[in-house]
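The values are calculated or read from the model by the stated rules, or taken from the named source; none is laboratory data. What you see is a predicted model, and the numbers here were worked out from it, not measured in a lab. With ideal geometry, Cβ positions are generated from the backbone for all residues, glycine too; neighbour counts draw on all protein chains shown.
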Number of protein chains: 2
Amino acid sequence: MILTVTLNTALDITYRTAALTPHATNRVAEVTERPGGKGINVARVLAALGHESVVTGFVGGRTGDALRELLAAEGPGETRPGDAPVTDALVPIAGTTRRTIAVVDETTGDTTQLNEPGPTVTPAEWAAFLTSYEGLAARADAVALCGSLPPGIHVGAYAELVRLARAARRPVLLDTSGEPLRRGIAARPDLVKPNADELAQLTGSREPLRATRDARRRGGRSVVASLGAAGLLAATPDGSWRAAPPTAVRGNPTGAGDSAVAGLLSGLVERLPWPERLARAVALSAATVLAPAAGEFDREAYADLLPRVAVTEQSSQPEQESHAPRQHR
Amino acid sequence: MILTVTLNTALDITYRTAALTPHATNRVAEVTERPGGKGINVARVLAALGHESVVTGFVGGRTGDALRELLAAEGPGETRPGDAPVTDALVPIAGTTRRTIAVVDETTGDTTQLNEPGPTVTPAEWAAFLTSYEGLAARADAVALCGSLPPGIHVGAYAELVRLARAARRPVLLDTSGEPLRRGIAARPDLVKPNADELAQLTGSREPLRATRDARRRGGRSVVASLGAAGLLAATPDGSWRAAPPTAVRGNPTGAGDSAVAGLLSGLVERLPWPERLARAVALSAATVLAPAAGEFDREAYADLLPRVAVTEQSSQPEQESHAPRQHR
């Protein structure tokens with residue numbers, strides 16, 4: 001079982017409109033709702049890959065009830081016969097789960113995103129979560145910590161969750177940004193998956209190889225940076241690799257990073273060599289961009305792309321520029 | 001008791017954002033929710049004027065539950081000590097009450113509105129509503145039929161409700177648009193309150209006095225047209241009047257028409273002479289534009305404006321242009 005943690009879950013709502021006109025009244029043609037938040041997206045992809053998962057985090061209010069109901073309806077069944085189960089271990093809170101609204105303009109295909117602030121989590125609710133988390137982590141083959149922190153949670157929360165997973169000798173992946181990432185990486189997670197912006201914010205460098213290796217020095221045992229259409233760049237104890245899709249794909253990138261996390265986690269649990277993990281993560285990510293529904297992946301595209309991902313090993317020597325005086329920040 | 005009918009109720013959500021950027025991710029700073037739909041807005045203003053009201057229409061799903069809970073919390077109490085009660089007589093349906101989202105851009109003050117489609121109402125649900133409506137209308141001092149029709153309701157629905165109210169000898173006001181207005185007015189409601197656009201769509205004329213009198217010939221016993229900042233124009237069996245606020249007011253016009261309806265209804269039930277009804281409706285409408293929260297009215301501004309509304313009688317003779325050959329459409 002893989003445990004995914006989503007502290008700031010969301011009810012993801014998609015509105016389709018003929019065209020979004022600011023400062024006017026817009027009729028919404030179609031409304032769809034889905035359980036959301038990065039860890040929940042990761043679990044959905046893990047299920048499709050045949051990996052049983054448990055989702056935890058916080059949930060509350062009417063939107064929280066809707067999220068749980070939709071999550072229960074998503075499991076293996078008529079529409080997803082081959083999927084592994086996703087078990088709901090979300091912790092109830094007094095606050096109300098946030099909504100995110102994606103307004104898709106059908107004329108341009110562009111999306112305008114409106115994200116509500118998350119509910120404030122109380123110290124007692126955080127304590128209840130920690131108790132539940134320790135029990136779940138002890139049973140997990142791997143743990144993924146995903147997304148932003150809701151109000152009320154201390155900024156070192158991910159560092160605390162990384163340390164608890166490590167104490168239980170469970171591999172732990174961290175996918176967050178800003179100060180929670182900076183503190184979390186110092187607690188020595190097994191894997192961090194920043195995107196280019198998050199990596200630059202963490203390390204101060206926009207040069208991916210240098211920044212990825214810098215992130216390793218900050219505490220990440222392995223660092224896999226997602227570089228958008230360019231694929232992934234991995235720096236690990238076993239070596240460094242770039243993995244790129246055979247062709248650039250165009251579509252909706254929502255959830256592509258979460259699919260990459262699911263690819264990396266499943267590869268870790270299956271003890272695949274790094275090049276295979278990376279190929280899977282890149283193919284899943286590209287197949288997510290190609291899928292018509294945001295955050296889903298196109299299974300046929302995935303099967304087609306997987307053998308065609310190019311994985312190239314990078315020099316295992318320190319990067320060239322290390323001969324020049326290195327700037328420490 | 002005044003009965004207000006809102007067939008297409010809504011959970012009105014307001015998002016405050018620093019600035020709404022289309023095709024980007026926008027953080028919502030503040031979320032507020034309120035029971036919405038025109039008849040519910042009318043009842044809220046009636047309550048503030050001391051008139052007991054009953055709201056009916058359809059409600060369903062989680063958003064419907066939220067609407068009912070907020071409606072129950074709105075009544076007389078600590079925050080609204082002087083208000084009359086608003087009684088919930090909404091009819092439950094299997095569908096889910098729609099949401100409307102008003103995104104207020106705090107930089108420009110402009111609002112972008114996103115309106116979900118309403119739930120489909122089944123024939124059995126419409127039949128259950130009619131039974132409930134007949135009982136409520138028989139006890140009402142006046143009936144107001146407000147807003148759009150949700151999917152599944154026949155286009156002659158308001159005509160049917162007007163006839164039932166007339167059969168029960170209850171005064172009935174109709175505030176809708178398009179084909180439901182065209183059919184509803186033919187059933188001879190006591191009062192219709194179109195705005196300038198609705199009136200032009202109904203009559204084909206943009207000349208307000210001519211169009212208002214045309215609307216009377218179509219079946220409205222009295223017609224009160226709301227002309228935005230210019231106030232109201234009334235054509236009644238007792239004469240025609242214009243009523244205008246002392247100065248043009250600037251602000252958010254959301255709900256101004258509903259406040260005017262509440263002013264007209266309360267004046268009708270209190271048997272005020274037409275000029276007083278119109279002055280009240282104009283002052284309430286302007287005080288709604290001036291209120292910081294959409295759909296509320298500023299009570300101090302109302303008290304200040306009421307004695308200063310200018311009501312002028314229009315010629316009771318047929319309008320000048322009637323001497324020219326009249327075009328019948």
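Say whether the condition of being in contact with a His (Cβ under 9 Å, 6 or more places away or on another chain) and either within 28 Å of B:A301 (Cβ to Cβ) or away from chain A (no Cβ under 14 Å) (or both) is met by at least one residue in the stretch B:84-96.
So far as the stretch B:84-96 goes, yes, one or more of its residues are in contact with a His (Cβ under 9 Å, 6 or more places away or on another chain) and either within 28 Å of B:A301 (Cβ to Cβ) or away from chain A (no Cβ under 14 Å) (or both).
Residues are listed down the side, and each one gets a yes or a no for (1) in contact with a strand residue (DSSP E or B) (Cβ under 8 Å, 6 or more places away or on another chain); (2) in contact (Cβ under 8 Å) with a residue 40 or more places away in the chain; (3) under 12 Å from A:D175 (Cα atoms):
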| site | (1), (2), (3) |
| --- | --- |
| A:K193 | yes, yes, yes |
| A:D197 | no, no, no |
| A:A200 | no, no, no |
| A:G204 | no, yes, no |
| A:P208 | yes, no, no |
| A:V224 | yes, yes, yes |
| A:L227 | yes, no, no |
| A:P237 | yes, no, no |
| A:W241 | yes, yes, no |
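Residues checked against (1) closer than 24 Å to A:T111 by Cβ; (2) modelled with pLDDT of 95 or more; (3) under 11 Å from the mean Cα position of the chain (by Cα):
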| residue | (1), (2), (3) |
| --- | --- |
| B:I2 | no, yes, no |
| B:T9 | no, yes, no |
| B:R16 | yes, no, no |
| B:P22 | yes, no, no |
| B:G39 | no, yes, yes |
| B:V42 | no, yes, yes |
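Among the residues in the stretch B:50-73, are any within 14 Å of another protein chain (Cβ to nearest Cβ), touching a residue at least 60 places away in the same chain (Cβ under 8 Å) and within 30 Å of A:I13 (Cβ to Cβ)?
no
Out of the stretch B:233-280, which residues are outside any loop (DSSP other than H, G, I, E, B) and under 14 Å from the mean Cα position of the chain (by Cα)?
First, pick out the residues of the stretch B:233-280 that are outside any loop (DSSP other than H, G, I, E, B): B:233-236, B:239-244, B:256-269, B:274-280.
Correct list: B:A256, B:G257, B:D258, B:S259, B:A260, B:V261, B:A262, B:G263, B:L264, B:L265, B:S266.
Of all residues in the stretch B:2-49, count the ones that are among the hydroxyl-bearing types (S, T, Y) and away from every other protein chain (no Cβ under 14 Å).
So the first thing to find is which residues in the stretch B:2-49 are among the hydroxyl-bearing types (S, T, Y), and the list is B:4, B:6, B:9, B:14-15, B:17, B:21, B:25, B:32.
Applying the additional criterion that residues be away from every other protein chain (no Cβ under 14 Å) yields B:4, B:6, B:9.
Adding up the residues that qualify gives 3.
Looking at B:G156, B:G219, B:G152, which one is touching a residue at least 24 places away in the same chain (Cβ under 8 Å), surrounded by fewer than 24 Cβ atoms within 10 Å (Cβ to Cβ), touching a Ser or Thr at 6+ places or on another chain (Cβ under 8 Å) and more than 24 Å from B:A256 (Cβ to Cβ)?
Values: B:G156 fails: touching a Ser or Thr at 6+ places or on another chain (Cβ under 8 Å); B:G219 fails: touching a Ser or Thr at 6+ places or on another chain (Cβ under 8 Å).
Answer to the check: B:G152.
Across the stretch A:199-233, what is the total count of residues that are touching a Leu at 6+ places or on another chain (Cβ under 9 Å) and either small (G, A, S) or within 17 Å of A:A159 (Cα to Cα) (or both)?
12
Residues in the stretch A:208-215: is at least one under 30 Å from B:T17 (Cα atoms) and surrounded by fewer than 21 Cβ atoms within 10 Å (Cβ to Cβ)? Outline the logic, then answer.
First pass over the stretch A:208-215, keeping only residues under 30 Å from B:T17 (Cα atoms): none.
No; the residues of the stretch A:208-215 include none that is under 30 Å from B:T17 (Cα atoms) and surrounded by fewer than 21 Cβ atoms within 10 Å (Cβ to Cβ).
Restricting to the stretch B:117-170, count the residues that are outside any helix (DSSP H, G or I) and either touching a Leu at 6+ places or on another chain (Cβ under 6 Å) or within 30 Å of A:T17 (Cα to Cα) (or both). Lay out the reasoning, then the answer.
Residues of the stretch B:117-170 outside any helix (DSSP H, G or I): B:117-122, B:140-156, B:168-170.
Okay, now just the ones that are also either touching a Leu at 6+ places or on another chain (Cβ under 6 Å) or within 30 Å of A:T17 (Cα to Cα) (or both), so B:117-122, B:140, B:142-156.
Total meeting the criteria: 22.
Which of (1) more than 30 Å from B:A10 (Cα to Cα); (2) surrounded by 11 or more Cβ atoms within 10 Å (Cβ to Cβ); (3) at pLDDT below 95 does B:V311 not meet, given it meets every other one?
Answer for B:V311: the failing condition is (3).
Between B:T56, B:T79, which is at pLDDT below 95 and either over 24 Å from A:T63 (Cα atoms) or in a strand (DSSP E or B) (or both)? Explain how you work it out, then say what you get.
Working: B:T56 fails: at pLDDT below 95.
When all the criteria are applied, what remains is B:T79.
Determine, yes or no, whether A:T100 is within 14 Å of another protein chain (Cβ to nearest Cβ), among the β-branched types (V, I, T) and part of a loop (DSSP other than H, G, I, E, B). Before you say what the answer is, go through the steps one by one.
Values: within 14 Å of another protein chain (Cβ to nearest Cβ): yes; among the β-branched types (V, I, T): yes; part of a loop (DSSP other than H, G, I, E, B): no.
Answer is no for this residue.
Among (1) surrounded by 14 or more Cβ atoms within 10 Å (Cβ to Cβ); (2) in contact (Cβ under 8 Å) with a residue 60 or more places away in the chain, there is one condition A:G95 misses while meeting the rest; what is its number?
Checking A:G95 against (1) surrounded by 14 or more Cβ atoms within 10 Å (Cβ to Cβ); (2) in contact (Cβ under 8 Å) with a residue 60 or more places away in the chain, the one that fails is (2).
Considering (1) part of a strand (DSSP E or B); (2) without any contact (Cβ under 8 Å) to a residue 60 or more places away in the chain, say which one A:T212 fails and leave the rest.
Going through the list (1) part of a strand (DSSP E or B); (2) without any contact (Cβ under 8 Å) to a residue 60 or more places away in the chain, A:T212 breaks only (1).
Every residue in the stretch B:116-137 that is within 9 Å of chain A (Cβ to nearest Cβ) and either charged (D, E, K, R) or crowded, with 19+ Cβ neighbours inside 10 Å (or both), please.
Step one: of the stretch B:116-137, the residues within 9 Å of chain A (Cβ to nearest Cβ) are B:116-117.
Across the stretch B:116-137, the qualifying residue is only B:E116.
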